[in-house]
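The values are calculated or read from the model by the stated rules, or taken from the named source; none is laboratory data. Given the structure is predicted, the values throughout are model-derived calculations rather than measurements. Cβ coordinates were reconstructed from backbone atoms using ideal geometry, including for glycine residues, and neighbour counts include every protein chain displayed.
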Amino acid sequence: MTFRRKLMGVFVLTVVLSVATVAGVVSLVVRRSFDKADDDRTAALVAQFRREFDRRGKEVNHSIETIAASDAATRIALAINQNITDYGAYLNDAKATADSHRLDFLEFADDQGTIISSAQWPAKFGYKESFFPAVAGSNTSAFLKQEDLPDGVALGVFALRANTVGDKPLYVIGGKQLDKDFLASIELPTGMRTMLYQNLGNTFSAKNLIDPSGSAQSPEQLAGLIKQVQQQAKESVTVIHWSSSSDDDEVVRAIPLTGIDQKLLGILLVGNSRRAYVELGRHIRSAAFLALGAGIVLAVIFSSWAAARVTRPVEQLADAAREVADGNWSAQAPVTSSDELGELAASFNQMTHELLDQKERLVQTERVAAWRELARRLAHELKNPLFPLQLTVENLLRARQQSPEQFEEIFKESSATLLAEISNLKTIIGRFSEFSKMPQPQWQKLDLNEIVRNVGRLFQAQLHAPEQSAIECKLELAGDLFPIAADPDLLHRALSNLVLNAMDAMPQGGTLILRTSRQGGNARIEVSDTGKGLTPEECERLFTPYYTSKAHGTGLGLAIVQSVINDHGGRISVRSEPGHGTTFVIELPGNMEKVSAATH
Amino acid sequence: MQRQENMKRTCLRWLAASSLVLAAMCASAATRPRYGGTLRISSATALNSIDPADAPDSLLRRNLTRLLFETLVIVDDSGTIQPSLADSWNSSLDGQRWQFILRHSLTFSDGSPLTSDVVAASLRKANPAWRVTSQADGITIELETAVSDFPAELSLTRNAIVRRGNKLLGTGPFVVSQWEPLRRLVLTARDDYRDGRAFLDNIDFEMGKPLRDQSIAFDLGQTDVIEITPEQARRAATEGRRVASSSPTELMALLFARDAQSEAEQKLREALALSIDRVLMNRVLLLNDGDAAGSLLPTWMTGYGFVFSADANQVRAKQLRSEAGLARTWTIGYNNEDMLARVVAERIVLNARDAGLNVQTTQSAPGDIRLIRIPLALTNERTEFSELVSAMGLSPIKLSSSNAENAYGVENALLQSRRVIPLLHLRYVVGISANVQGWAIHRDGSWDVQKVWLSGR
C-alpha cells in the first residue's frame, strides 16, 4: 500500500472515528435525557394517579358521609337500636342509595358488622363484613380494599362512616371501583398508558390485569414484572419487548398498591413507550451515517489533496531514488518546500551529487586500476613470449659468434621457436582484440537444448582425450523448455568458455553436467563441474576482466561470457564451495520481441 | 219564638234528610257496575301464540285462555271440579273411560255452534295419547291407565276447547280484535256470551313490557294493571299501591341438569339442599310474603308439605360435604332479567360456600343447576305432579289418584332423587289502579275479569 493510501486511510479512519464518537456521545446523552424524561413523566403520572385516587377518595368520603347522615341511614340505624332484626325492608336500600350516589359499592352494617343491605351483593344480607374489625374504629380517610363480588373480586377506593343515632351505630361502607373507567379517567401524556393488576394471590393471573380498554393485551409479557413486585412488594421497572421491533418496546414501572393492613392489593403499571426514543435514536443514527458518508467523501477528497500535497515530494524523492537505483545517478528531487520534506529532498540531491562525484572518482579509480591490471596482464602475457624471444635471439647471436658451424641448425630451431612465440603473441593480442570487439547479438529463434547439445557434442572428443583423465559429460535437458531469441554463435561461444573452464577445473577427471530448465518466464542453463571449487573471494572476482585463478588464463573468458549474457538481457551467477565443484547458472529471458523487431 | 224555632228545626231536618238522600244516591252511583271502557294490562311475558296447546305455560297464557276459550270443567278455589262446557260426566268402573255431556246451545265467538266433533278434535290435538271420540251430545275419552280424578286434568289450560281454522275461535267471554305477536293483544267483549256480556268493552294487553316500564306507566296512568314481582309486593303495598295477590302458586326450585351419578354426589346435593336458608330468604327477600318451600307443592294445597323441612342445617350440610370427598364446582344458571332469581342464586352461592361447597352463578351457560320458576296448575296433586315433572323435563310419574298418601310418596321419591331442590313458593301479584273495580284474583293467580268494570278516571 502506498504512503498516500495509508495517509488517506488514516484521514478517513480519523473522520469515521470522530463521527462515530460524536454519534455515540449524542446517543448516550439523548438516552440519559430520555431516561430522565421517562422518570419525570412516570413520576408525574404516578402523582396524577395518587391525586385521582385522593380525589376519588374524597368523593367517596363525601358520598359516604352524606349517606350516613341521610334519612334512609337514620331509619336503619333506628331499627338497629330498636333491636329490629328483620332487615328485609332495607334489602334494596343500599342498591338504590348507591345508584343515586353513583357508588359501585355500598353496604349498611350493624354494630356487629352484620350486613343489612348490600348494593354490590344483595344476597349477602346477614353475613359479617370480613374486614369490619380492622376499620370499624378508623373513621378517617379513604382506603384501598378488595371487595368480594358474586362473580369475583374487585378493587376499590372505600370509605367508612357511622350513623350514631343511638347506642348502636350503623356503619356505612362504600366506594368506587378501580376499574378501566378509573384508568381511563387519568389523563395521560402521549406514549404513556396505565394498567392495573388486581392482586388476588402470589401467582400471576392474566385476567386480573386491565387497562383503560378492558382486558390488557398480551398480559403474559408482564407476568415477570408483576411476580417480582408480588415477591418484593416494592416498585420495580423493566423494559417489555412487545414484538421483534424495538419501536414497540415499552418501559413499564410497577407500583405496589396496599390496603389498610399493608397487604398488597393491586399493582399499578405505568407504561412508557420507547417509540419516540427509538425514532430519535434512529434519526441520530441516520444523521450520523449521513455525516459519516459525507465525512468519508470529504475525507477522501481532502485526504487525497492533503496526501498528494504531503506525499508528492516524497514520491518525487522516491522517483529520484528509483532513478538512482536504475543507474541515473544524476537524478534530482525537486525542492518544493522549506519544511522537513524540502530539507530531505535537498539532502537527497546533495547525496546524489556526492554519489555521482564519488562514482566518477570510483570509475576513474577503477579505470586506472583496470588499465593497471591491463598493463600488468599485458606485461605479464607479453613478457612470457618475449622472454623466450629474447633468449632465442640472444642464443642466435651467441651461436653466430661462438658456433657458426652450428648456427644453421640453431637458427632453424630458434626460428621455429620465434615463430611459435610470435604466434603466441598474436594469439594473445587476438584475444584482447576479440574482447574489445564483442559483436551485438544477431537475434533469431532457437532451441536452447540444441545449443547445449552442440556444445556437448563439440567437446566430446576433448573430454575423452587419452592424454588427460576422462571427464563424463551429462546432459539434463528440460523437455518443456520454450524457444528463445538469442544469437546462437555468441551463446555457443559463452557455453564453450564455461565448458573449457569446467574442463580446466577437473584435471583429475570428473563429471560435467549441462542442465537446462524452465524458471518462470526465463530459460535456465547450468554448467556444473565436480572440480575443486572456488572460494567466496574467487567467486566475487570471477567475472572481473583479466582476473583468473588459472596459471595460463587471460582472465577474459568469463568476462566474455558475462558480456554475452548481459547483451542477451540475461544474468549469470556462480555457485561454488571449495571441494564441491562449481556451477554456473545462466538465466535468459525469452526475448521473442527481439526476433519480430529484427524481422521488421 | 217557639214557632220560629220549630220552623228552623224543620228546615234543618229537611236539609239533613235531603243531604242524606243525595249522598246515598251518589254512593250508589259510585259502586254500581257499569259497562264500557278498556282495561289496559301490562305484562313482562310475551306470547307469540294464543293457542292454549302451545308451550310454554304461563300465568298470562292461562288468563288469556280463560278470556278467549273455555274448558269442559273448571276447578274452583276450594279445589272442587265444576262444570263449564260440559254439563255432566261419568266414568266406567275401571276409571279408564270417561264420557262428558256438553251443554246445549253453546256457540263460538263467530256464532257457530260448539259441536262434540270440535271438542274431540281440540282435545286430541292437545293430548295425542288420548283416544277421544265424539257422540251426538258429548265425547268419550279412553285412557291407557285408570285415573280416578281425571276431570281435573281437563281444567288445564292446554285442554281449553279451540276450533282451529283460519283463526282460533273459542267460546270465552272475549274475542280477539287485534293481535300482534309478542307485542299486543286487544280483546273485545262478546255480547252473546252465555253468562252475559262482560262489563268491559275491551281488554288491551301490552306484552313484553319490562317491570320498570310497567311501574312508570302505572304511575303515569297509562296502564291499569301491572305485574309486581313477589319481592316488591310488600313494598308496593306499603307505598300505598293497590295490589292483589294469589296464594303461593309458583314454585322456585333448583333443578339439576342430570341425575346424581354417585352416592357422593347424592350427598353433595343433599348438603346443598340443607345449606340453603330458605326461611331467611323468605323473610328478607319476600318479607314473608311467600313460603319457604321444603316440598314441591305448597302445603295449603296438599296438607303434607310441612313434613318436608325447609329449615337450613349447616352442621349436617358440612358433615355431608366432608363425607362426599372431592367435589367439583357447580354452576347455577338463572334468568338474568329476574332480579329475585339473581339474588336467590347469589344467596345460594353464599350458603353453599358456608357448607364448603363450590357453587358459582352463570348467565352465559345453562349451568349444572338451573334456578327455575314454575307456575303450579293447582288442580289436584296427580295433575300437578304430572305437569310439574313435565315442566322440569323429568320422567313422567305414575299416580293413579290424588289421595294424600300417594301424592306424598311421589313427592318424597322426587325429592329423594336429589334432582330438584324446592326453595320458595311465590305469590302472583298484580298492581291495580284505583279506577278498576270488581277485580278478583283466584288462588291460582287467574283473574276473574268477567266482573271487572271501570269507574271514571
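Checked against the criterion of being charged (D, E, K, R) and buried (at least 18 other Cβ atoms within 10 Å of the Cβ), the candidates A:104, A:40 yield just one match: A:104. You will find that of B:227, B:250, B:206, the residue that is closer than 30 Å to residue B:129 by Cα and acidic (Asp, Glu) is B:250 and no other.
Scanning region B:206-217 for residues that are farther than 21 Å from residue B:425 by Cα and away from chain A (no Cβ under 13 Å) yields B:206, B:207, B:208, B:209, B:210, B:213, B:214, B:215, B:216, B:217. Put simply, of A:92, A:83 the only residue that is surrounded by fewer than 20 Cβ atoms within 10 Å (Cβ to Cβ), modelled with pLDDT under 90, over 18 Å from residue B:339 (Cβ atoms) and not aliphatic (A, V, I, L, M) is A:83.
For the condition hydroxyl-bearing (Ser, Thr, Tyr), surrounded by 15 or more Cβ atoms within 10 Å (Cβ to Cβ), part of a helix (DSSP H, G or I) and in contact (Cβ under 8 Å) with a residue 60 or more places away in the chain, what is the one hit in B:379, B:383?
Working: B:379 fails: part of a helix (DSSP H, G or I).
Going through B:379, B:383 in turn, just one is hydroxyl-bearing (Ser, Thr, Tyr), surrounded by 15 or more Cβ atoms within 10 Å (Cβ to Cβ), part of a helix (DSSP H, G or I) and in contact (Cβ under 8 Å) with a residue 60 or more places away in the chain: B:383.
Taking region B:335-369, which residues are crowded, with 19+ Cβ neighbours inside 10 Å, under 27 Å from the mean Cα position of the chain (by Cα) and touching a residue at least 60 places away in the same chain (Cβ under 8 Å)?
From region B:335-369, those crowded, with 19+ Cβ neighbours inside 10 Å are B:340-352, B:355, B:357, B:359, B:361, B:367, B:369; that's our starting set.
Filter once more, so that each one left must be under 27 Å from the mean Cα position of the chain (by Cα): B:340-348, B:367, B:369.
Listed by number, the residues that qualify are B:340, B:341, B:343, B:344, B:347, B:348, B:367, B:369.
Under the condition of being under 12 Å from residue B:431 (Cα atoms) and either modelled with pLDDT under 85 or among the charged types (D, E, K, R) (or both), which residue from region B:218-236 is nearest to the chain's Cα centre (by Cα)? Looking at the filtered set, the residue picked out is B:227. Give region B:82-115 a look and list any residue that's touching a Phe, Trp or Tyr at 6+ places or on another chain (Cβ under 9 Å) and under 20 Å from residue B:52 (Cα atoms), or say none. Those that are touching a Phe, Trp or Tyr at 6+ places or on another chain (Cβ under 9 Å) and under 20 Å from residue B:52 (Cα atoms): B:83, B:85, B:86, B:109, B:114. Counting only strands (runs of 3 or more DSSP E) wholly contained in region B:35-105, the ones carrying 2 or more residues that are among the β-branched types (Val, Ile, Thr) and either in contact with a Cys (Cβ under 7 Å, 6 or more places away or on another chain) or within 25 Å of residue B:132 (Cβ to Cβ) (or both) occupy B:73-75. If you go through region B:386-411 and keep only what is in contact with a Ser or Thr (Cβ under 9 Å, 6 or more places away or on another chain), in contact (Cβ under 8 Å) with a residue 40 or more places away in the chain and assigned to a helix (DSSP H, G or I), you end up with B:387, B:404, B:407, B:408, B:411. Every test in (1) more than 12 Å from chain A (Cβ to nearest Cβ); (2) part of a helix (DSSP H, G or I); (3) among the β-branched types (Val, Ile, Thr) is passed by residue B:372 save one, and that test is (2).
For beta carbons closer than 6 Å, sequence separation of 6+ or different chains, a first residue in region A:25-43 that is under 15 Å from residue A:271 (Cβ atoms) and in a helix (DSSP H, G or I) and a second that is among the basic types (Lys, Arg) and at pLDDT 80 or above, the qualifying pairs are A:42/A:253.
Tell me the residue from B:314, B:266, B:261 that is more than 26 Å from the chain's Cα centre (by Cα) and within 14 Å of another protein chain (Cβ to nearest Cβ), please. Before you say what the answer is, go through the steps one by one.
Values: B:266 fails: within 14 Å of another protein chain (Cβ to nearest Cβ); B:261 fails: within 14 Å of another protein chain (Cβ to nearest Cβ).
Result: B:314 is the single residue among B:314, B:266, B:261 that is more than 26 Å from the chain's Cα centre (by Cα) and within 14 Å of another protein chain (Cβ to nearest Cβ).
Of the strands (runs of 3 or more DSSP E) lying entirely inside region B:144-239, not one contains at least 2 residues that are within 22 Å of residue B:446 (Cβ to Cβ) and free of Cβ contacts under 8 Å to residues at least 12 places away in the same chain.
Each row is one residue, and each column tells you yes or no for (1) at pLDDT 95 or above; (2) within 30 Å of residue B:72 (Cα to Cα); (3) facing another protein chain (nearest Cβ under 10 Å); (4) touching a Leu at 6+ places or on another chain (Cβ under 9 Å).
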| residue | (1), (2), (3), (4) |
| --- | --- |
| B:335 | no, no, no, yes |
| B:359 | no, no, no, yes |
| B:363 | no, no, yes, no |
| B:367 | no, no, no, no |
| B:376 | no, yes, no, yes |
| B:379 | no, yes, no, yes |
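Under the condition of being free of Cβ contacts under 8 Å to residues at least 60 places away in the same chain, surrounded by 15 or more Cβ atoms within 10 Å (Cβ to Cβ) and within 46 Å of the chain's Cα centre (by Cα), the residues counted in region A:191-220 number 1.
Scan region A:512-524 and tell me whether some residue there is modelled with pLDDT of 90 or more, within 18 Å of residue A:563 (Cα to Cα), of a type in the set (Lys, Arg) and surrounded by fewer than 20 Cβ atoms within 10 Å (Cβ to Cβ). Yes, region A:512-524 contains at least one residue that is modelled with pLDDT of 90 or more, within 18 Å of residue A:563 (Cα to Cα), of a type in the set (Lys, Arg) and surrounded by fewer than 20 Cβ atoms within 10 Å (Cβ to Cβ). A Cβ distance below 9 Å, combined with a sequence gap of six or more or placement on separate chains, defines the contacts here; from region B:313-334, residues that are under 22 Å from residue B:280 (Cα atoms) reach residues that are of a type in the set (Lys, Arg) and not in a helix (DSSP H, G or I) in the pairs B:332/B:370; B:333/B:370; B:334/B:370. Considering only region A:380-394, state which residues are in contact with a helix residue (DSSP H, G or I) (Cβ under 6 Å, 6 or more places away or on another chain) and either loosely packed, with under 13 Cβ neighbours inside 10 Å or of a type outside the set (A, V, I, L, M, F, W, C) (or both). Matches in region A:380-394: A:381, A:385, A:388, A:392. Number of residues in region B:273-305 that are within 20 Å of the chain's Cα centre (by Cα) and within 14 Å of chain A (Cβ to nearest Cβ): the value is 6. Return a yes/no flag: does region B:289-301 have any residue that is farther than 15 Å from residue B:353 by Cα, modelled with pLDDT under 95 and surrounded by fewer than 17 Cβ atoms within 10 Å (Cβ to Cβ). Taking every residue of region B:289-301 in turn, at least one turns out to be farther than 15 Å from residue B:353 by Cα, modelled with pLDDT under 95 and surrounded by fewer than 17 Cβ atoms within 10 Å (Cβ to Cβ).
When residue B:117 is tested against (1) more than 20 Å from the chain's Cα centre (by Cα); (2) of a type in the set (D, E, K, R); (3) assigned to a loop (DSSP other than H, G, I, E, B), only condition (3) is not met.
From the residues in region B:337-353 that are more than 9 Å from chain A (Cβ to nearest Cβ) and in contact with a Phe, Trp or Tyr (Cβ under 9 Å, 6 or more places away or on another chain), which one is nearest to residue B:247 (Cα to Cα)? The selected residue is B:341.
Listed here are the residues, each with its yes/no results for (1) part of a loop (DSSP other than H, G, I, E, B); (2) more than 22 Å from residue B:348 (Cβ to Cβ); (3) away from chain B (no Cβ under 11 Å).
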site: A:84; (1), (2), (3): yes, yes, yes
site: A:88; (1), (2), (3): no, no, no
site: A:95; (1), (2), (3): no, no, no
site: A:99; (1), (2), (3): no, yes, yes
site: A:103; (1), (2), (3): yes, yes, yes
site: A:112; (1), (2), (3): yes, yes, yes
site: A:116; (1), (2), (3): no, no, no
site: A:120; (1), (2), (3): yes, no, no
site: A:123; (1), (2), (3): no, no, no
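Count of region A:187-225 residues, restricted to those that are out of contact with any strand residue (DSSP E or B) (no Cβ under 6 Å at 6 or more places or on another chain) and β-branched (Val, Ile, Thr), is 2.
Would you confirm, using the coordinates I've provided, whether residue A:253 is of a type in the set (D, E, K, R), under 18 Å from residue A:49 (Cα atoms) and surrounded by 15 or more Cβ atoms within 10 Å (Cβ to Cβ)? When the stated conditions are applied, residue A:253 passes them.
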